[in-house]
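Sharing a structure, written as structure tokens. Questions coming.
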Amino acid sequence: MTASNGLFALIVAVAAGFFASNVQRLVGYLRLGRLDDSRWDNVPRRLYNLATIGIFQRKIFRDGIAGPMHAAIFWGFCVLTVGTSEFIVRGIVPTFTLAHYLPQWAYRFYQNSQDLWGALVIGAVAFALWRRLTHRVKRLQGAETHANDPLLILSWIGLLMVTMFLAESFEMVAFPQHASPYYRPLSYALANVLSFVPQDWAAFFRSLNWWSHGLLVLGFLNYLPYSKHLHVVASLPNVYLSNTSGPGQAGVMKYMDLEAETEQFGAKDVEHLSWKSLLDGFACTECGRCTAVCPANTTGKLLSPRKIIVNVRERLEQRALELQTAGSGRETAEGRPLLDGFISEQELWACTTCRACVQECPVSIDQLSVILEMRRNLVLGESRFPEEVMPAFESMEQRGSPWAFDPGERGKWADGLDIPTMAELAERGETADILYFVGCMGSFDDRAKKTTVAFAKIMKAAGVNFAILGREEKCNGDPARRMGNEYLYQMLARENVDTLAKYHVRTIVTACPHCMHQLGNEYPQFGGHYDVIHHSTFIAHLLAQGRVPLREELHAAVSTFTYHDSCYLGRYNQIYDAPRETLKRALPVVHLVEMPRSGDRGLCCGAGGGRMWMEESEGKRINAERAEEALATGAQAVAVACPFCMTMMRDSISSRDESVPVYDIAEVVAERLG
Amino acid sequence: MKLAVCIKRVPDMEGRFKIASSGTGIDEAGLKFDMSDFDGYAAEVAIQITEKLGAGEVTVISLGPDVVQETLRKALSMGAHRAVQLKHDAPVSDGLAIATALAAELKDGGYDLILCGRMAVDTQNRSTGAFVAELLGLPVITAISQLNVDGGVVKARRELEGAYELIECPLPAVVTIDEGIARARYPSLKGIMAAKKKPLEVKPAQVGAVTYQLEKMELPADRAAGRIIGEGKDAVPELVRLLKEEAKVL
Ligand SMILES: Cc1cc2nc3c(=O)[nH]c(=O)nc-3n(C[C@H](O)[C@H](O)[C@H](O)COP(=O)(O)OP(=O)(O)OC[C@H]3O[C@@H](n4cnc5c(N)ncnc54)[C@H](O)[C@@H]3O)c2cc1C
Ligand code: SF4
Ligand code: SF4
């Protein structure tokens, strides 16, 4: 070992130590969050996510330009890390080489891979720099981003590659006996170009580039913890630990123990968030994919899911110092908490809980859970919410519906349709196979009641043995839960679970995706386990079995439909095909045109997350944006599969083009009942 | 400063009312009950006063059967400090009899300010607050829309048709609260948890002699369905004739 090896060993030791202490510091920060959120279960599913979303960059590729570019850099990094490890060991122990451990073909393959991926990374980095410097890519803008950081990082990576090539090539010039086109063909070609350099100079340049490369690698490693490029380290663990793509059903809110001995309900500051939300802060790449699809942000509202996550990290780094120095006599000045200090109430209430941000995030960050935990604190802890929401809360509590309707009239839509209630059946000692959970919109809203009746008629025509709860049905509680009012939500959920238990209900159908999500995915938290089927799936199934007697002639007026995806049906429950299938079967010659944003990229109608009950004065109305998109397809009618979407779409479409009707898929089928 | 708020538990006004078989009251089956709106504002005003002073105590009082405890708990979860139920199981429709019981409880409480609602939103007698003041020999300002308590003096504002009055009187006093003064806050979960630990005393109500009895309660007759006479100007003569002869409004 020479003096230079010794020096390098010393530098590696210091760099590794410094990096380790930074990692330890950051892990310590995570521990400031709530630790009652275990992610050590479901290893196979998590490994699958790691492979598909992490290694194979599934979500990155949703962007056709940045996708391949990032994948080249990422895969290049993976491949080159092997070379870099060898490089570092060899810097300390010059006789070390992987050639001793690998068969020749494998070693040759490995050497070739270093050269090829090095070149690809240079190409991708150059493209990325060019794109950032010459195009104002909209999603990369934003006050919360650290705009110079990516330029520094990209240049850094470029230099890493350049010094790697130069070190290799000058080595070949200085020691021609090492040169071979079969191992590193590109370096070999470069060496040929550089062959005019005298050998002793080449040796010097080799050393210069070798040292530069080594120092750049170690420097890079230690710059990461201070940069948004911490994602290089944090994103793979984050993808592994995330629940946003499973395990478990998407979008299920965490149960909250209201009897817990605590003064703090929900999150006012970073220490009230789960440690996993804090890790999200470290994993965020500031890529802006989330904000670019956020219906609130894109219609001019302040809310930006990226900012929410960037703020979590910023506040965590500040708060950690405060907490760590507390009581030490050297206290850091207290900053303002996450709520109000960084994130305003206005931002939090703008969210429609559409999950588009979560769906899009390439590193499986859960922006929504931060927003919802903060709403819980606002309502449960501080009683702060838009004042127009108060009547909805009070009415849910008083009348079991967010609108001030008489609970006694809940089953009134069924008058004269010969649909029994569970109570009536029980009195006769009978029961029904299926419970139709109608929901508040379907029971009280005049437009939605038409869907309710249409669906009931289809089931009757198909000979389905079903019943309703009538006045015993209560709001499923979703608006309360999404608006942070967990107390009210649990009250309603428990009442419904008790009612359903009374009639031993197993199978439930509903035309409301919010009811479906609650009963099927969130009621298990209260011991309610049911098979919940959305009417789109159920009708598609009945049609497929030929159980619905349809008239033969084709639908008279309308043949071109566009279908608007409901967030709670789509991104929460992955039902995209059934409603389209239902439409096609009901209208054999239907021409279904898709809006640019459809399927799992569908744009929210603007009603979710309790937005239905809030004013929308900031920016453009979300349903206006969606109506324009629907009308731009030239479709003659718009189909929906959710009563909330129905209201939002109908309001905005009828004010633009009276001639384009909005139908629920059940109405389209019922229209053709024989 | 000690404040008392009289709170009545009333049925949800959005419900469908039916007359009970007795014919002198409503059928409570299926009805939801909550604090009368004006009493909610009164509780809010009282709580805000103690919050601003950083001192003082708000006592909420309700007369009625045990279910009123739920209403009292709600006031406690808004931030009132203690509650008293004046237990009385049979309904009383006489405001003076109620006021007598309330006054008996309030008399020795040492309250500086007693707040009632302008009226109970269900029966709307508008009498109890003023009766209480009279029975206690205290000044009363009714139906106020603004309130300021400063150095032993209440200053209040009352809305009139197109005008308003500003009234002052010394403490102790009774005020009855109109709308517009404050919105009752939505209890936070913290408040609900805290309310479970706050004192709620149950005492027998010393209801006064009943001075009148409710004889009979009836729902208004269903409105007759509308009639369409015709369309356009041809229908005008017939409309005028009907307005003159049948409706007798012209
Ligand atoms: C459906 C129904 C059921 C009833 N059941 C019972 C019963 O079981 N037992 C019973 O004793 N009475 C019962 N009552 C009577 C009721 O409690 C009233 O006190 C009484 O009708 C007084 O008249 P008012 O409500 O119109 O008062 P108003 O004079 O219009 O009320 C003005 C203010 O006086 C105060 N106030 C009025 N009533 C009370 C009260 N009860 N407690 C505290 N403060 C009050 C409030 O501040 C209120 O805003 C019932 C009334 C109704 C409509
Ligand atoms: S859930 Fe939807 S509305 Fe809410 S922040 Fe995410 S994208 Fe925006
Ligand atoms: S949260 Fe995800 S999608 Fe949003 S900026 Fe960060 S990494 Fe990108």
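The values are calculated or read from the model by the stated rules, or taken from the named source; none is laboratory data. Remember, it's a predicted structure, so these values are computed and weren't measured experimentally. Cβ placement follows ideal geometry from the backbone for every residue including glycine, while neighbour counts extend to all protein chains displayed. We work out accessible area using only protein heavy atoms, side chains counted, and drop any ligands, DNA or RNA first. Shrake-Rupley method; radii C 1.70, N 1.55, O 1.52, S 1.80 Å.
For A:Lys307, give me every one of the lysines with a C-alpha distance below 25 angstrom, ignoring sequence neighbours fewer than eight places off in its own chain.
A:Lys59, A:Lys138, A:Lys228, A:Lys254, A:Lys268, A:Lys276, A:Lys620
Which is the longest part of chain A that has none of the GluC sites (Glu not before Pro) sitting in a DSSP loop with at most 13 other Cβ atoms within 10 Å?
So the longest stretch without any such site is A:1-258.
Take the alpha carbon gyration tensor of segment A:59-166, find the square roots of its eigenvalues, order them as a ≥ b ≥ c, and report rounded if a/c is under 1.5; if not, report prolate when a/b exceeds b/c, else oblate. Provide the component values of the computation, followed by the final result.
Numbers: a/c = 2.99, a/b = 2.13, b/c = 1.41.
Since a/c reaches 1.5 and a/b is larger than b/c, the shape of segment A:59-166 is classed as prolate.
For a test of the definition: using alpha carbon positions, the gyration tensor, and the 1.5 limit on a/c, classify chain B as rounded, prolate or oblate. Kindly include the intermediate steps, with their values, before the conclusion.
Working: a/c = 2.08, a/b = 1.69, b/c = 1.23.
Taking the square roots of the gyration eigenvalues as a ≥ b ≥ c, chain B is prolate.
What are the ³J(HN,Hα) values, in whole Hz, obtained from phi via the Karplus relation 6.51 cos²θ - 1.76 cosθ + 1.60 with θ = phi - 60°, for each residue of segment B:32-38 in sequence order, with x given for Gly and Pro?
Here the 3J(HN,Hα) series is 9, 10, 7, 5, 4, 3, 5 Hz.
Scan segment A:284-338 for trypsin sites (Lys or Arg not before Pro) in coil per DSSP, keeping those whose Cβ has at most 15 other Cβ atoms within 10 Å, and list them by number.
A:Arg330
How large a share of the accessible area of chain A, in percent, is made up of carbon and sulfur atoms when the probe is 1.4 Å and the other protein chains stay in place? Don't jump to the answer; show the numbers that get you there.
Numbers: 16170 of 27610 Å².
Taking all protein chains in place, chain A shows 59 percent carbon and sulfur surface.
Also: So if I place +1 on the C-beta of Lys and Arg and -1 on the C-beta of Asp and Glu, and nothing else carries charge, what would the dipole magnitude of the protein assembly as shown be about its Cα centre? I want it in debye, nearest 20.
2600
With angles folded into 0 to 90 degrees, how steeply does helix A:199-223 sit against the dominant principal axis of chain A? Use alpha carbons for both and round to 10.
Tilt relative to chain A: about 30 degrees.
What's the center-to-center distance, using Cα atoms, between segment B:192-224 and segment B:1-62 in Å?
Centre-to-centre (Cα) distance: 10 Å.
Taking the alpha-carbon distance from A:Lys449 and a cut-off under 17 Å, which lysines remain once sequence neighbours fewer than 8 residues away in the same chain are dropped?
Result set, ordered by chain and number: A:Lys412, A:Lys457, A:Lys460, A:Lys474.
Ignoring the sites themselves, what is the longest stretch of chain A with no chymotrypsin sites (Phe, Trp or Tyr not before Pro) in a DSSP loop and at most 16 other beta-carbon atoms within 10 Å?
So the longest stretch without any such site is A:256-674.
Before rounding to the nearest 500, sum -39500 (n - 2.57) across all DSSP H runs of length at least 4 in chain B and divide by the residue total; then give [θ] at 222 nm in deg cm²/dmol. Please report the intermediate quantities before stating the final value.
Details: 6 runs with 67 residues, N = 250.
Value at 222 nm, helices only, nearest 500: -8000 deg cm²/dmol.
Within segment B:2-204, what percent of beta bridges assigned by DSSP are antiparallel, to the nearest 5? Spell out each step's value before the answer.
Numbers: 18 of 45 bridges.
Around 40 percent of the beta bridges assigned by DSSP in segment B:2-204 are antiparallel ones.
In addition: Can you tell me the Rg and the Dmax, both Å, for the Cα atoms in segment A:560-670?
13.1, 42
Sticking with this one: Loop only per DSSP, at most 16 neighbouring Cβ atoms within 10 Å: give me the trypsin sites (Lys or Arg not before Pro) in segment A:468-515, ordered by residue number.
Answer by residue number: A:Arg506.
What do you get for the angle between helix A:577-586 and the principal long axis of chain A? Use alpha-carbon atoms, 0 to 90 degrees, nearest ten.
Taking Cα atoms only, the helix is inclined about 40 degrees.
Same structure again: Quick one: helix A:3-30 against the long Cα principal axis of chain A, what's the angle to the nearest 10°, folded into 0 to 90?
The helix A:3-30 is inclined about 20 degrees to chain A.
Over the Cα atoms of segment A:270-384, each weighted equally, I'd like the Debye log10 I(q)/I(0) at q = 0.09, 0.17 Å⁻¹, rounded to two decimals.
Each listed q maps to, in turn, -0.24, -0.81.
If you don't mind, another one. Mean separation of Cα pairs under 8 Å and 6+ residues apart, divided by the residue count of chain A: what relative contact order is that in percent?
Details: 1030 pairs, mean separation 79.2, N = 674.
RCO, chain A: 12 percent.
Could you check which residue among B:Thr211, B:Thr128, B:Thr142 shows the biggest mean-square fluctuation in a GNM of chain B with a 10 Å Cα cutoff?
The residue with the greatest mean-square fluctuation here is B:Thr211.
Restricting to chain A, compute how many DSSP beta bridges are antiparallel as a %, nearest 5.
Restricted to chain A, the bridges split so that about 5 percent are antiparallel.
A further question on this structure: Just want to confirm a number: the relative contact order over segment B:2-204, from Cα pairs under 8 angstrom separated by 6+ residues, in percent.
Working: 432 pairs, mean separation 52.3, N = 203.
Once normalised by length, the contact order is 26 percent.
Need the full-extension length gain, A:Ala333 to A:Ala71, defined as separation in residues times 0.36 nm minus the C-alpha distance. One decimal, nm. Mind showing how you got there, number by number?
Values: separation 262, 0.36 × 262 = 94.32 nm, distance 4.24 nm.
Gain in length upon complete extension: 90.1 nm.
Separate question: Leaving out ligands and nucleic acids, and using a 1.4 Å probe, what accessible area per residue does chain A come to in Å²?
For chain A, the solvent-accessible area averages 41 Å² per residue.
Can you give me the C-alpha center-to-center distance between segment A:13-79 and segment A:568-605, rounded to a whole angstrom?
33
Then there's this: When a/c reaches 1.5 or more, the comparison of a/b and b/c decides; with that in mind, is segment A:10-88 rounded, prolate or oblate per its Cα gyration tensor?
In terms of gyration-tensor shape, oblate.
What is the total of Lys pairs in segment B:2-204 with C-alpha atoms under 15 Å apart, excluding same-chain pairs fewer than 8 positions apart?
For segment B:2-204, qualifying lysine pairs total 14.
Same structure again: Can you give the helix-only mean residue ellipticity at 222 nm for chain A, where every DSSP H stretch with n ≥ 4 adds -39500 (n - 2.57) and the sum goes over all residues, rounded to the nearest 500 deg cm²/dmol?
Rounded to the nearest 500, it is -15500 deg cm²/dmol.
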